[in-house]
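Take a look at the structure below.
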Amino acid sequence: MTEPTKYALVTGGSRGIGREICLKLGGRGYYVLINYQSNAAEAEKTLAGVRAAGGDGETMQFDVASGEAAGAAIAAWQQAHKGACIEVVVNNAGIRDDVLMMWMEPQQWHTVIATSLDGFYNVTRPLLRDMLVNRFGRIVNIVSLSGIKGLPGQANYAAAKGGVIAATKALAQEVAKKGVTVNAIAPGFVRTDMTADIDEAEIRKQIPAGRFCEPAEVADLAMFLISDKASYITGEVISINGGLYT
Ligand code: NAP
């Protein structure tokens, strides 16, 4: 008898950390819904990688910051796949727009928060009912060191990630009895497009491990939290930062 298909949705799966998580989910045989905002070509590359790893999937364009767009895309998929449950969601899509608070425009404040914090709500809520009915679910939120400790120039980003951390803890308690875990991963500096403008040689001096994190290392941690072995871990924020902050 063949195993039933397992479905996972990764927001921001077209590049960076999200892509690595998609590839590893593919390696575990998942059917991966690869969300992206605008970079269709990179999302297709991720999909090819998921298939090469042994899984399958599809790309799914929507802006996580838009409740309407996210809700419509997810509802359309659910309608077309009656009986299929998306049992894993990785809320990974995020942006930064660093500037000292003194100079921060309203749009910079709102866009960064809308992507991470509203994105978490917009994507997770439509998936919750199926997870609760199936009595299994894995919700993994990619946050940041900045959301724990705050970093200058990132009042918007720190507020967004800090908000997701608080929501992670609250939701974990709401759904624990139904076999759904909710955890957050807080990376330090990871080598992706998001950090391409950062002087790695300079920053690395402050990192006890002496290097940036690779996206695959974050993905490995996510895979553990998604696995059956992590059933009793919920409401946690797990740092992966090379000793930068504890
Ligand atoms: P990245 O390489 O810049 O990739 C960002 C991904 O998010 C892309 O797939 C992008 O899609 C997608 N995205 C952005 N805005 C979106 C929106 N409104 N709707 C849907 N998708 C959207 O970023 P990364 O470094 O992998 O970061 C991934 C997550 O880790 C983020 O939440 C980030 O805050 C967090 N993080 C990163 C670091 C780091 O050092 N890199 C450290 C701590 C935390 P397109 O390709 O279509 O643009």
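Brief remarks on what is shown
- Residue that is farthest from the ligand (Cβ to nearest atom), among those in the range 127-151 that are over 17 Å from the mean Cα position of the chain (by Cα) and farther than 15 Å from ALA186 by Cβ: ARG135
- The lone exception for ALA184 - which of (1) over 18 Å from GLY119 (Cβ atoms); (2) at pLDDT 95 or above it fails: (1)
- Qualifying residue in the range 37-50 (condition: touching a Ser or Thr at 6+ places or on another chain (Cβ under 8 Å) and over 21 Å from ALA196 (Cβ atoms)): yes
- Here GLY163, GLY153, GLY147 are screened, and the one residue that is farther than 29 Å from GLU44 by Cβ, assigned to a loop (DSSP other than H, G, I, E, B) and touching a helix residue (DSSP H, G or I) at 6+ places or on another chain (Cβ under 9 Å) is GLY153.
- Residue count, the range 14-38 (criterion: in a strand (DSSP E or B) and aliphatic (A, V, I, L, M)): 3
- ASN183 meets all of the listed conditions (1) under 18 Å from CYS85 (Cβ atoms); (2) assigned to a strand (DSSP E or B); (3) not small (Gly, Ala, Ser) but one, namely (1).
- Among the residues listed as ALA84, ALA75, ALA41, the single one being outside any loop (DSSP other than H, G, I, E, B), more than 17 Å from the chain's Cα centre (by Cα) and within 20 Å of THR5 (Cβ to Cβ): ALA75
- Of all residues in the range 102-138, those that are outside any helix (DSSP H, G or I) and surrounded by 14 or more Cβ atoms within 10 Å (Cβ to Cβ) total 4.
- Residue in the range 60-67 that is surrounded by fewer than 15 Cβ atoms within 10 Å (Cβ to Cβ) and either in contact with an Asp or Glu (Cβ under 6 Å, 6 or more places away or on another chain) or of a type outside the set (S, T, N, Q) (or both) present: no
- Residue within the range 217-228 that is assigned to a strand (DSSP E or B), within 23 Å of LEU23 (Cβ to Cβ) and either modelled with pLDDT of 95 or more or of a type outside the set (Val, Ile, Thr) (or both) present: no
- Residue, farthest from the ligand (Cβ to nearest atom), within the range 54-68, restricted to residues that are of a type in the set (Gly, Ala, Ser) and without any contact (Cβ under 8 Å) to a residue 40 or more places away in the chain: GLY54
- Residue list for the range 79-100, restricted to those being surrounded by fewer than 17 Cβ atoms within 10 Å (Cβ to Cβ) and either more than 12 Å from the ligand (Cβ to nearest atom) or of a type in the set (A, V, I, L, M) (or both): GLN79, ALA80, HIS81, LYS82, GLY83, ALA84, VAL99, LEU100
- Leading residue by the ranking (surrounded by the most Cβ atoms within 10 Å (Cβ to Cβ)) among those in the range 152-196 that are within 10 Å of the ligand (Cβ to nearest atom) and either under 16 Å from MET131 (Cα atoms) or without any contact (Cβ under 8 Å) to a residue 24 or more places away in the chain (or both): THR195
- Some residue of the range 2-14 being of a type in the set (Ser, Thr, Tyr), in contact (Cβ under 8 Å) with a residue 60 or more places away in the chain, buried (at least 16 other Cβ atoms within 10 Å of the Cβ) and out of contact with any Gly (no Cβ under 6 Å at 6 or more places or on another chain): yes
The values are calculated or read from the model by the stated rules, or taken from the named source; none is laboratory data. Only a predicted model underlies this, so the values are computations on that prediction, with no experimental measurement involved. Glycine also receives a Cβ, built like all others from the backbone with ideal geometry; neighbour counts cover every protein chain displayed.
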